[in-house]
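First comes the structure, then the notes that go with it.
The values are calculated or read from the model by the stated rules, or taken from the named source; none is laboratory data. Computed from a predicted structure; not experimentally measured. Note that each Cβ is placed from the backbone with ideal geometry, even for glycine, and that neighbours are counted across all protein chains shown. Each accessible area value is taken on the protein alone, full model and side chains, heavy atoms only, with ligands, DNA and RNA left out. Shrake-Rupley method; radii C 1.70, N 1.55, O 1.52, S 1.80 Å.
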Amino acid sequence: MQQGFIDLRRNASTETGADSFWPSFTDIMMVVVMIFMIASVVLMLRNWELVQTLRDTIESEREAEALALSMTETSATLEEQLAQAQHENSELRMRLMRANEINRNTREQLSQQQQQLLSLQAEKRQLSASLQQAQRDVQLHEDKIRQSEARYTQLADVRDTLDQRLQQVLEQLTRAEQENREQAAELAELRQGSSLTEEQLSLLQGEYDDLRVKYDKLVKPARSAQGKHVVTVRYWKEGKYYQIRIKDAGEEDYRAVSRKQLHEELSDLKERFGNNLYVKLIIPDDSGLSYNEAWGFTFDILKKYDYYHQEGAQEEPAAE
């Protein structure tokens, strides 16, 4: 027994020294080998488990990849379906918007057509009223034409009367000239014979002057606005009211005046211009005045204010 262990070897008591070293080494190496083998077996078992785990992991990864691929394909299919659905939804929205737009345009067109219909109806009423007014105007125009024809007939009668009067005046003028020549001859003879008294001479001279005035009136030049101050007067009748407009020389527009204001303005102009005042009277064709009304107004105004119709007015030379 060495150090507490029983020596089981045979001849243990005889083997000592160097001979006992190798068996102990062999035992140690055996133990080391056994430990190595056990460790190798353990490592192999662990490696096997690791390989098996790795294989399981790889298989799981493959399954996961397959599942992920399947999920990807499913997701792609769903995305395509979603895109298709969105596309169809967009098309439906576009169709709905188009339908709404068509509906709105249809309503607008219907509203415009209704407005056009109302406008056409209004135009129809206006045209009907215009046609009725035109018919009334035509009737009025025909009445005016008949009145104009009657007025023309009256004027023709007046012209014939004036022609007769002119013929009479010309005959009187001829006789007056003859009498003037005879009286001038008699006056010359009386002056030459010195047998005529002063009183008779004065009487003959007065008769001669009267004849001269009548002669001047008969041969007085025609009425002319040249060199005169011209004032224009328009006169007509609307309903039962008389309308008077006046426009002085240099004025562009007519002014409405009453009959009293007209006489006041013409009186002022007559005081300013005297025998150079030319009154231009305008009676429109559709004046609504009777012949007597138009002639009475014309005669009254010209007799009072126009230079040509003044008693004793002498014609002055026209201004150049």
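Descriptive notes on the structure:
- The alpha-carbon atoms of segment 231-303 define a convex hull whose volume equals 91 cubic angstrom per residue.
- Radius, Kirkwood style, for segment 33-83 when every pair of distinct Cα atoms is counted (Å): 13.9
- In Å², nearest 10: area of THR153 left accessible to a 1.4 Å probe: 70
- Qualifying trypsin sites (Lys or Arg not before Pro) in segment 45-79, DSSP loop, other Cβ atoms within 10 Å at most 15: none
- By accessible area with a 1.4 Å probe, ligands and nucleic acids excluded, highest first: order of TRP295, TRP236: TRP295, TRP236
- Pairwise alpha-carbon distances in segment 46-191 exceed 25 Å for 78% of all pairs.
- Among TYR278, TYR291, the order of accessible area from largest down is TYR291, TYR278, computed with a 1.4 Å probe on protein heavy atoms.
- Label point of SER148 set 7 angstrom out along Cα-Cβ; within segment 228-249, amide nitrogens under 19 Å from it belong to 235-238.
- Stokes-Einstein, applied to the Kirkwood radius of segment 107-156 over Cα pairs at a viscosity of 1.567 mPa s and 4 °C, places its translational diffusion at 94 µm² s⁻¹.
- Scanning residues 5 or more positions from GLN310 or on other chains, none has an amide H under 5 Å from its amide H, with H placed 1.01 Å from N in the peptide plane.
- Heavy atoms of GLU251: accessible area, 1.4 Å probe, square angstrom to 10: 70
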